[in-house]
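What follows is a short report on a single structure.
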Amino acid sequence: MWNFPLFPDQASTIAKHVDALYFFALGIAGFFTAMICVLILAFAARYRRKSTADRLNPPTASRTLEIIWIGGPMLLMLTMFTWAAILFYKMYDPPVDALEVYVVGKQWMWHAQHSEGRAEINELHVPLGRPIRLTMTSQDVIHSFFIPAFRVKQDVLPGRYTTMWFEPAKIGRYHLFCAEYCGTNHSAMGGWVYVMEPVEFQQWLSQAGTGASMAEQGERLFVQYHCAGCHRGSQTVHAPRLEGVYGRPVPVQQGTEVRFTLADYRYIRDSILRPKSEVVAGYEPVMPSFEGQITEPDLLKIIAYIKSIGAKEATQ
Ligand code: HEC
Ligand SMILES: [Cu+2]
């Protein structure tokens, strides 16, 4: 059978909106390109050297024309801008009930980790009809996570967390790419996204793996890296308890001043890798740096653990 799709599937809820805007912009560009081509040819024919067309007293001013050529394009541009801005906000504002998945890019593969514990390489399994939020980072250079059928693409940067969300709208298997040239095997850095029925997805989640959730795996690392030795009420080291720290403003000492910083993914990651850069007010900068010792997937697990003890404390 003839199978040459000009366009990828529309497999997420946002896909048709992105396409509508795309075709609107393409239509306008196409219309003006065609109009200019036709006019160039028409005028070339009409005013060719031998033609007898009237060249006397050309009009030098026309208010109506000026209003049209200033107002028209402005209106078109503002329409495109407003439309795109609305869509942009929608795409960058994940719903609160979104399912969390963590993605780490590295030369040259994608590592995805579900909060429930299961991890996968160059594959991403997601349920139909649930918003999914990806928190992503890179272990080396800049990558970009791209799922054409979902119309989503987001740069993945070393030393930083970026997020993106989508809601799968169609069962199936869709291409996954790295869309930022990242070295020799960049072209091979990709795989498949599987959109499954929610029931099948739950089964898939519970198969294989260690059975431990990300937070539970994080707790083990927390003990393994001796974080627990200082942070669980040590007798010898004065260190803050981490229960409830996630999502709260933390007082950070800066010279003689104290400033508040939100304890989010960025803050906790920096606290572990560069503890001296933001020292909690009232504490000595005695925490060692774990730079280069903990991998990105493990950092995400430790953060998941710290996040989970926050939730526990908040309900007490
Ligand atoms: C030698 C003791 C020690 C060890 C080991 C240690 N920390 Fe710390 N940590 C501290 C102290 C002291 C502070 C407060 C001063 C500061 O911000 O550097 C702190 C601050 C933090 C903060 C910021 C807390 C807040 O209230 O804002 C986080 C998060 C953190 N540590 C996580 C970890 C993790 C995760 C590990 C293990 C990978 C770890 N720490 C290992 C002593 C330690
Ligand atoms: Cu890449």
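Points worth noting:
- Residues of region 185-204 satisfying the condition of being under 19 Å from VAL104 (Cβ atoms) and over 23 Å from the mean Cα position of the chain (by Cα): none
- Among residues that are outside any helix (DSSP H, G or I), of a type outside the set (Lys, Arg), surrounded by fewer than 16 Cβ atoms within 10 Å (Cβ to Cβ) and in contact with a strand residue (DSSP E or B) (Cβ under 8 Å, 6 or more places away or on another chain), PRO58 is not included.
- Residue match in region 257-267 (condition: over 27 Å from VAL126 (Cα atoms), in contact with a Gly (Cβ under 8 Å, 6 or more places away or on another chain) and either surrounded by fewer than 18 Cβ atoms within 10 Å (Cβ to Cβ) or not assigned by TED's automatic domain parsing to the domain that holds ALA304 (or both)): yes
- Strands (runs of 3 or more DSSP E) within region 97-202 that include 3 or more residues open to solvent by 60 Å² or more (accessible area, probe 1.4 Å) and not assigned by TED's automatic domain parsing to the domain that holds ILE306: 172-178
- Only one entry of GLU200, GLU216, GLU243 meets the criterion of being within 27 Å of ALA11 (Cα to Cα), out of contact with any His (no Cβ under 7 Å at 6 or more places or on another chain) and at pLDDT below 95, and that entry is GLU200.
- Test: LEU41 is modelled with pLDDT of 95 or more and open to solvent by 50 Å² or more (accessible area, probe 1.4 Å): yes
- The condition of being modelled with pLDDT under 95 and away from ligand 1 (no atom under 16 Å from the Cβ) holds for only one of VAL126, VAL96, VAL104, that being VAL96.
- Among the candidates VAL237, VAL252, residue that is outside the structural domain of GLN139 (by TED's automatic domain parsing), touching an Asp or Glu at 6+ places or on another chain (Cβ under 8 Å), among the aliphatic types (A, V, I, L, M) and within 8 Å of ligand 1 (Cβ to nearest atom): VAL252
- Lone qualifier among MET80, MET91 - being part of a helix (DSSP H, G or I), under 30 Å from VAL195 (Cα atoms) and either open to solvent by less than 80 Å² (accessible area, probe 1.4 Å) or of a type in the set (Gly, Ala, Ser) (or both): MET91
The values are calculated or read from the model by the stated rules, or taken from the named source; none is laboratory data. Note that the structure is predicted; figures quoted are calculated from it, not measured. No Cβ is skipped: glycine too gets one built from the backbone with ideal geometry, and neighbour counts run over all protein chains shown. In case anyone asks, the SASA skips ligands and DNA or RNA and just uses the protein heavy atoms, side chains included. Shrake-Rupley method; radii C 1.70, N 1.55, O 1.52, S 1.80 Å.
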